[in-house]
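Enquirer: Questions regarding the structure given below will be posed in turn.
FYI, it's all coordinate maths here, none of it is from the lab. If you're wondering where the values come from, they're calculated on a predicted model, not measured in any experiment. Methodologically, a virtual Cβ is constructed for each residue, glycine included, from the backbone with ideal geometry; neighbour enumeration extends over all protein chains shown.
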Amino acid sequence: MGILEKISEIEKEIARTQKNKATEYHLGLLKAKLAKYRAQLLEPSKSASSKGEGFDVMKSGDARVALIGFPSVGKSTFLSLMTSTASEAASYEFTTLTCIPGVIEYKGANIQLLDLPGIIEGAAQGKGRGRQVIAVARTADVVIMMLDATKGEVQRSLLEKELESVGIRLNKHKPNIYFKPKKGGGISFNSTVTLTQCSEKLVQLILHEYKIFNAEVLFREDCSPDEFIDVIVGNRVYMPCLYVYNKIDQISMEEVDRLARKPNSVVISCGMKLNLDYLLEMLWEYLALTCIYTKKRGQRPDFSDAIILRKGASVEHVCHRIHRSLASQFKAPAPSTARSGWA
C-alpha cells in the first residue's frame, strides 16, 4: 500500500470515528500517523532525476507576498493592476503555468508579489504542480488567498485544507509548548495551565508513535493534539493570510457587506478596479512594515528615501541596513550616577 492509500485510509477512519472521551487516544494516534505520512509525501524523491521548470524565484525587495487561489479567480489580472509586470490573463483556466514575479511600490517599499499557478483539489499530493506552488508559498511573508466572490465559501475551505495538510498555518500563532528530546530519563511532562484537550497519556502515545521515548514537555497553554504534533514535527510555517474576494461587481450588496465583515477579509473587483487602495493598506498592516527616515548632521530629514524594516526592529537593525560595520562603531553610553542614591 502506497503513502497516498495509507493517508486516505487514515482520513476515512478519522472521519467515521466518533469524538468522545473513549476515542481521544485512538484519534490522537491516527493524527500522529497522518502527519508522519504527509511529511514523507512532501519529501523530494532522491531518485528523481528528471529536469523540469521550477518555481525558484530569488527573494527581492522588502517583503514577499504569495498570491494563491483556484484557476480563473483573477490572480493574473490583479498582478497586472498592482505591478508593472504583465501576466497573461484569459477567460480559460490554467492561463498561468509558472511563477510570475512582480513588484508593488508602496510607501517607499518594494513588495515582491508572486503570481502562482492555480491550485486544484489534491495539490498537497502533487496534483496540478501543487507541490511547487505550495513550496513557494512557504517562503512568503504573507499569503493573499484570492477567492471568487460568486462561488461561496467552498473555495476558501478547500484551499485552507490543502495548505493545512502541508504544514502552512494561516493566521495562527506557534503553540506555546516547550519540547526538548533527551538521551535518557524517560518522558518528563508538566503544564502551567489546566489541559482540556491533551493528557499526559495521550502525549506519551504520540511521542512513542514518533519513536521518542526521552523528552521534556511543558504545556504553557491549553493546546490540542494537532498543535502538539506540529511542535514535534517542527517544520510548520505560521504566517498571516489575507482573504481577498474578487468579482464583487457580480454579487448583491448584501453579500458584499457579509464578505467584507468576515475577519481577515477584503472585497475587491479587478475588472472595475474597486477597493484596491484599501487592499494595499491592509497588506501593509499584515506585513508589519515601518518606514525609518534618516538625516545628515545639520540637515533636514530626507523623506524621499526610507529604510523599510519590520515593526519591532532595533537601532542595530537600522545600522546594519545603512552599513554592515556601523553597529560595531557605536560606543555604549557611560553609566550615569546623577539619580542614584550615592550621588
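Enquirer: Restrict the search to segment 182-241; then list the chymotrypsin sites (Phe, Trp or Tyr not before Pro) that DSSP places in a loop and that have at most 14 other Cβ atoms within 10 Å of their Cβ.
Expert: Passing sites in segment 182-241 are Phe213.
Enquirer: If I stretch the segment between Ser304 and Cys291 completely, what's the gain in nm (0.36 nm per residue apart, minus their alpha carbon distance), one decimal?
Expert: Contour length minus the Cα-Cα distance gives 3.6 nm.
Enquirer: What order, most packed first, do the peptides 229-236, 323-330 have when packing is the mean number of other Cβ atoms within 10 Å of each residue?
Expert: 229-236, 323-330
Enquirer: Quick check: residue separation of Ser157 and Ala260 times 0.36 nm, minus the Cα distance between them. What number comes out in nm?
Expert: Result for the pair: 35.4 nm of gain on full extension.
Enquirer: For a 18 Å ceiling on Cα separation, which of these pairs sit above it: Lys75/Lys151; Lys151/Lys273; Lys36/Lys211?
Expert: From the list (Lys75/Lys151; Lys151/Lys273; Lys36/Lys211), the Cα-Cα distance tops 18 Å for Lys151/Lys273.
Enquirer: Using a Förster distance of 22 angstrom, determine the FRET efficiency expected from the C-beta separation of Lys201 and Ile14, and round it to 0.05.
Expert: My answer for the efficiency is 0.70.
Enquirer: Going by the alpha-carbon gyration tensor, a ≥ b ≥ c the square roots of its eigenvalues, is segment 147-239 rounded (a/c under 1.5) or, if a/c is not under 1.5, prolate (a/b greater than b/c) versus oblate?
Expert: The shape class here is prolate.
Enquirer: If you place +1 on the Cβ of every Lys and Arg and -1 on the Cβ of every Asp and Glu, how big does the dipole about the Cα centre of segment 124-225 come out, in debye to the nearest 20?
Expert: The calculation lands at about 400 debye.
Enquirer: Shifting gears a bit: Taking a virtual spin label 7 Å from the Cα of Leu276 along the C-beta vector, which residues in segment 252-270 bring their backbone nitrogen under 14 Å of it?
Expert: Residues 268-270 qualify, since their backbone N sits under 14 Å from the label point.
Enquirer: Are there GluC sites (Glu not before Pro) in segment 125-214 that DSSP marks as loop and that have at most 14 other Cβ atoms within 10 Å, and which are they?
Expert: Listed in order of number, the matching sites are Glu153.
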